[in-house]
Amino acid sequence: MGHKMYFSSPLSEAHVLTLDVVGSYLFQRVMQDGKDSRFDEIKKSPPKFFVAFMAQATWISLCLMPILAVNSIPHAVLSTLPAIGITDVLGLLLYAGGLGFEVTADRQKDAWVQAKKRKVSLLSCQLLIYLFGSSEPGSFL
């Protein structure tokens, strides 16, 4: 009947790719700035830092649970699934769109921050303008 697609590996690979993209962006930003300014205030207070750390760990665990659940399905059960279905294609397209959206937003935010440091008065961040009607992140709140 043809090659069967086993979902545990592609899901895990997508998760690792997302971690690589986000992690490399954050690492590059820290290396460029010499610090992560998001933690300047809370790292002075161990309880606040602990809460932020635990919230982040909880969010990562929640996002990882579906992947762990699929990875725990026995190979014999996975081999009975069809090779690829419409939901697989839609899921892949949704993932690719979300990852592309993330990369675009990160690049545009970085360009906006760099322009702000140079005191440029206007920067057209197209993704932000499209979403929120403003080129300043956070102005929609």
For segment 87-104, which residues satisfy the criterion of being acidic (Asp, Glu) and either within 13 Å of the chain's Cα centre (by Cα) or not in a helix (DSSP H, G or I) (or both)? Glu102
Of the residues that make up segment 68-86, is at least one free of Cβ contacts under 8 Å to residues at least 40 places away in the same chain, part of a helix (DSSP H, G or I) and of a type outside the set (A, V, I, L, M, F, W, C)? no
Could you look through segment 22-42, keep only residues that are in contact (Cβ under 8 Å) with a residue 12 or more places away in the chain and of a type outside the set (Lys, Arg), and pick out the one that is nearest to Gln114 (Cα to Cα)? Tyr25
If I go through segment 30-53 residue by residue, how many of them are under 19 Å from the mean Cα position of the chain (by Cα), of a type in the set (Asp, Glu) and over 18 Å from Ala111 (Cα atoms)? 0
Selection status of Leu11, surrounded by 11 or more Cβ atoms within 10 Å (Cβ to Cβ), part of a helix (DSSP H, G or I) and touching a residue at least 24 places away in the same chain (Cβ under 8 Å): yes
Ser45 fails exactly one of the following numbered conditions: (1) farther than 25 Å from Leu19 by Cα; (2) surrounded by 10 or more Cβ atoms within 10 Å (Cβ to Cβ); (3) touching a residue at least 24 places away in the same chain (Cβ under 8 Å). What is the number of that condition? (3)
Those residues that are within 14 Å of Thr18 (Cβ to Cβ) and free of Cβ contacts under 8 Å to residues at least 40 places away in the same chain, I need them from segment 93-104; list them, please. Leu94, Ala96, Gly97, Gly98, Gly100, Phe101
Filter segment 81-136 for residues that are among the small types (Gly, Ala, Ser) and at pLDDT below 65 and give the result. Ser121, Ser124, Gly133, Ser134, Ser135
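The values are calculated or read from the model by the stated rules, or taken from the named source; none is laboratory data. Because the structure is predicted, anything quoted here is derived from the model rather than measured. In this analysis, Cβ positions are derived from the backbone assuming ideal geometry, glycine residues included, and neighbour counts consider all displayed protein chains.
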